[in-house]
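First the structure, in the form of structure tokens, and then the observations on it.
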Amino acid sequence: MASEETRTVKSTSARSSATPPEGASPVPAPRAWAVRLVVVGIVLSALNLRPAITSLGALLEEVRDGLGMSGSVAGLLTSVPPLCFAVFGVTAPRLARRFGAGAVVCAGMVAITTGLLIRPYTGSTAGFLAASALTLMGIAVSNVLMPVIVKRWFPDRVGSMTGLYSMALALGTAAAAAVTVPVTEALGGSWQSGLAVWAGLAAAAVLPWIPLIREREAAPVRRGVSRHVRARVERAGEVRHVHARVEPPALRITRSRTAWALAVFFGLQATAAYITMGWMAQIFRDAGVSAGTAGLLLAVTMVMGVPLAFVIPRVATRLPHQGPIVLALGVCGLAGYAGLYLAPAGGAWAWAVLLGVSNCAFPLALTMVGMRARTGAGVAQLSAFAQSTGYLISIPGPLLVGVLYQHSGGWGLPIALMIGLMVPQMAVGVLAGRDRTVEDEAAR
């Protein structure tokens, strides 16, 4: 019986990209414990990719009063996350090539832990913003590299693993929004404690990655290499650098139409998500819904992403074209926005559910990132490009909704804007869902 930590990889395997030299010995696969740790690390990391944002939203009024923060600075604070995601996310592929994706995600979790722990106790607006930026830096690089890790460790399970971490991300988002206030009250009503408590969850996410840092790239380096070659490389102390030397040159990602379509799709769905998180509760309250019910409706919208974030990626990977899913989600969004326009209070629960379904374009976009590139390096570049460009696109949306609301005195124009943005989102999503890879398009 084969050892639990090794398995034989036959040179005649149809999935092998190159035939090993004659006489090559069986090649060890990634160790079973490492694979299990990667799964745990993915789930714990995903749980930490949004609580820093949604926990602050729950206590923003208390933070403003405690720090003497002006309304304009508080408004800027709500726009910082997509800006940081765009600025810092683009550095993730280079860092991953230099240190390994697992090591960078580990460092990202350390940054999140540190930022969450110190920002409530800085005692100044500038310090709070700086610590928030540190936290968002860790989130940004982890956002980009999660699809890379999935592609590298689970190339034949991209859909199910993307669904798993998308579900964990949605769960972390909803949990932070729902329990931050009750936890704060249980800790004596201190907003500092209510925000700092989330550093504990981030610290737990650091632990699975520590033993995996030395495992980085081990499987790709050893595949198809004979025992004698491997021994010579190890004696020379170069085993950790083999993958870096044979890494293909960087893609000219901007030549790919699919990359641009995916970036715009990512940006428009992020715009819709941030508008929903920032303004939907206020729309319901202005329609006569109580504050408590409005918050519950927002929670329903966010919770919809938990089961669907697991189902949609699995379905998407079984289809040659993801356009039908894009259209189905878009129709739900159009129906939800139309309901908010015509009868916001009368059908509030239905609109909350429909918009929750529509917001599941996020896990679909992440799944398509993993499907539109053949290699780990390609996924890293595509993920960085799509997310950084997309988050830049999403920055003006929530601010524009606020401006339209303030100047028009109602929600007619802002909702019309949301409906108008959903149409191009569906169009570029259909283009991004076509069965092709960015490597092929960039090479033409």
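The values are calculated or read from the model by the stated rules, or taken from the named source; none is laboratory data. Because the structure is predicted, anything quoted here is derived from the model rather than measured. All Cβ positions, even for glycine, are placed from backbone atoms using ideal geometry, and neighbour counts span all protein chains on display. Side chains are part of the model used for accessible areas, which takes the heavy atoms of the whole protein and leaves out ligands, DNA and RNA. Shrake-Rupley method; radii C 1.70, N 1.55, O 1.52, S 1.80 Å.
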For the range 406-420, how many residues are surrounded by fewer than 20 Cβ atoms within 10 Å (Cβ to Cβ) and part of a helix (DSSP H, G or I)? 9
Within the range 59-72, can one find any residue that is surrounded by 20 or more Cβ atoms within 10 Å (Cβ to Cβ) and more than 18 Å from GLY123 (Cα to Cα)? no
Return yes or no: is THR375 in contact with a Ser or Thr (Cβ under 8 Å, 6 or more places away or on another chain) and either at negative phi or among the basic types (Lys, Arg) (or both)? no
Just a yes or no: is a residue in the range 252-272 more than 30 Å from ARG97 (Cβ to Cβ), buried (at least 22 other Cβ atoms within 10 Å of the Cβ) and touching a residue at least 60 places away in the same chain (Cβ under 8 Å)? yes
Would you call THR367 assigned to a helix (DSSP H, G or I), of a type in the set (Val, Ile, Thr) and within 27 Å of LEU413 (Cβ to Cβ)? no
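Each row is one residue, and each column tells you yes or no for (1) closer than 23 Å to ALA140 by Cα; (2) touching a Lys or Arg at 6+ places or on another chain (Cβ under 8 Å); (3) aromatic (Phe, Trp, Tyr).
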{"site": "TYR337", "(1), (2), (3)": "no, no, yes"}
{"site": "TRP349", "(1), (2), (3)": "no, no, yes"}
{"site": "ASN359", "(1), (2), (3)": "yes, no, no"}
{"site": "LEU364", "(1), (2), (3)": "yes, no, no"}
{"site": "LEU382", "(1), (2), (3)": "yes, yes, no"}
{"site": "SER388", "(1), (2), (3)": "yes, no, no"}
{"site": "HIS407", "(1), (2), (3)": "no, no, no"}
{"site": "ALA416", "(1), (2), (3)": "no, no, no"}
{"site": "VAL428", "(1), (2), (3)": "no, no, no"}
Scan the range 373-391 and tell me whether some residue there is over 30 Å from PHE99 (Cβ atoms), among the basic types (Lys, Arg), open to solvent by 50 Å² or more (accessible area, probe 1.4 Å) and not in a helix (DSSP H, G or I). no
Of all residues in the range 421-440 being part of a helix (DSSP H, G or I) and among the acidic types (Asp, Glu), the one that is least open to solvent (accessible area, probe 1.4 Å): GLU439
Could you list, in sequence order, the residues of the range 143-158 that are surrounded by fewer than 24 Cβ atoms within 10 Å (Cβ to Cβ) and β-branched (Val, Ile, Thr)? VAL158
In the range 324-362, how many are in contact with a Gly (Cβ under 6 Å, 6 or more places away or on another chain) and assigned to a helix (DSSP H, G or I)? 6
Is it the case that the range 397-405 has a residue that's of a type outside the set (Gly, Ala, Ser), in a helix (DSSP H, G or I), closer than 30 Å to VAL105 by Cα and over 18 Å from the mean Cα position of the chain (by Cα)? yes
Across the range 113-142, the tally of residues that are within 16 Å of PRO82 (Cα to Cα), buried (at least 24 other Cβ atoms within 10 Å of the Cβ) and in contact with a Ser or Thr (Cβ under 9 Å, 6 or more places away or on another chain) stands at 5
Restrict the check to the range 290-313 and report whether at least one residue is modelled with pLDDT of 85 or more, among the small types (Gly, Ala, Ser) and more than 28 Å from VAL80 (Cβ to Cβ). no
Just to be sure before I move on: is LEU319 at pLDDT 85 or above and surrounded by fewer than 21 Cβ atoms within 10 Å (Cβ to Cβ) in the structure I sent? yes
